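One structure below.
What follows draws every value from the coordinates through simple rules; no lab data is involved. Keep in mind it's a predicted model, so treat the numbers as computed, not measured. Cβ coordinates were reconstructed from backbone atoms using ideal geometry, including for glycine residues, and neighbour counts include every protein chain displayed.
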Amino acid sequence: MAKAKILFILTGGTIDSKTEGLERDILLKQSAVPGFIESLDLNKNFEIEYAHACWKDSRDVNDEDRERIAEIIVAHGQNKVIITHGTFTLAQTGKFLKHRMPDTHATIVLTGSLIPLIFENSDGPDNLKFALRQLGNLGPGVYVCMNQTVLDPAEAVKDPISGKFYSAGT
């Protein structure tokens, strides 16, 4: 039986930075996500692919970058996609993709972290594992998976004080 395929699209953000608490993320030279995913030993059941859309603090992600993400999803043709993204504009990218790809057959999950993945107290491992679990639970569409919560990107809001995401409800 063929292994299920998962495409990770990497964009930078805090999950792939080496700083905490600075005004701007200082990104790692290479993503820490592949190493973490490899440590989960998913290769028995999944074929994992990685693509870089951009490498930025999410406050610098623009619609051209978002279009590049959409193009990567279409070009790879995977049904299961996880996008690692900075939290400042994660929901905005989710909204863009939901609007740009309304009839997608893929399950597209955006996730990130408030603390860099390489830090011992990072929320990144939990958010990545949660996003992976949700790929099997969710149908086609675009979702934000943060803090053990699945959100519609059109309703996802980041609380500026706690940094946690919640649904604003429309």
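For segment 118-170 versus segment 17-82, the spacing of their alpha-carbon centroids is 15 Å.
Here segment 70-170 is treated as an ellipsoid with the same Cα gyration tensor; its semi-axes, largest first and in whole Å, are 21, 16, 12. Hey, which aspartates and glutamates would be in cross-link range of Lys18, C-alpha to C-alpha under 19 Å, not counting anything within fewer than 8 residues on its own chain? Hits, sequence-local ones excluded: Asp57, Asp60, Glu120, Asp123, Asp126. Radius of gyration over Kirkwood radius for segment 4-167, both on Cα atoms: the Rg/Rh ratio is 0.92.
Protection proxy ranking, highest mean first, for peptides 106-115, 121-130: 106-115, 121-130, where packing is the per-residue count of other beta-carbon atoms within 10 Å, averaged.
Remark: the Lys44-Thr149 segment gains 35.1 nm on full extension, using 0.36 nm per residue and subtracting the alpha carbon distance.
Once the Cα-Cα distance is subtracted from the 0.36 nm per residue extended length, the Phe119 to Asn79 segment shows a gain of 11.3 nm.
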